[in-house]
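All remarks here apply to the structure that follows.
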Amino acid sequence: MSRGSVIASIQTDVTPDVIIALQHDGLEMIGSTSVHGFAVDLSGVELLEPDEFEVLLGTMEMAKLMGARPVLCGLRPGVVSALVDLDVDLEEIDATRTIDDALDILAESHDEARQDRRRSLPVADDEHQHETHDPDPE
């Protein structure tokens with residue numbers, strides 16, 4: 001965990017077991033802590049099959065449902081090219097080049113969300129706080 005986010009890093013060949021372990025461990029960490037982000041570092045991945053990527057996308061959706069914003073980082077050019085060539089839906093994916101960039105985005109997103117929550121809190125009306133009730137107005 002770093003800067004309020006779970007970091008899951010795959011630095012090996014991707015197999016179904018690796019993806020399932022990432023899903024299990026990542027979601028467990030999100031569920032047992034109060035993190036706001038889920039960064040998935042794929043910088044060590046040279047090949048990612050479409051079905052493995054679909055499981056990864058599902059994991060990211062699950063993280064989002066649990067309140068952690070997911071961001072992919074470290075995608076290599078060959079992986080990106082293959083995903084585009086295979087027409088994988090990339091519409092809903094936040095992605096960055098490095099883990100540091102992902103953590104920066106997640107920290108900014110968290111700060112913005114906190115500011116939005118503060119703005120939406122009801123503000124006491126000073127004008128009405130100082131009024132006294134006169135039971136016998138003339």
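Computed quantities for the displayed model
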{"quantity": "Karplus (6.51, -1.76, 1.60) ³J(HN,Hα), θ = phi - 60°, over the range 59-74, in Hz, Gly and Pro reported as x", "calculated": "4, 5, 5, 4, 4, 4, 5, 8, x, 10, 6, x, 9, 8, 9, x"}
{"quantity": "Protection proxy ranking of 25-34, 68-77 - average other beta-carbon atoms within 10 Å, highest first", "calculated": "68-77, 25-34"}
{"quantity": "P(r) of the range 1-72 over all Cα-Cα pairs, binned every 10 Å from zero, in whole percent", "calculated": "21, 57, 21, 1"}
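No lab work stands behind these numbers, since they all come straight from the coordinates. None of these values were measured; they are calculated from a predicted model. A quick note on method: Cβ atoms are made from the backbone with ideal geometry, for glycine too, and the neighbour counts reach across all protein chains shown.
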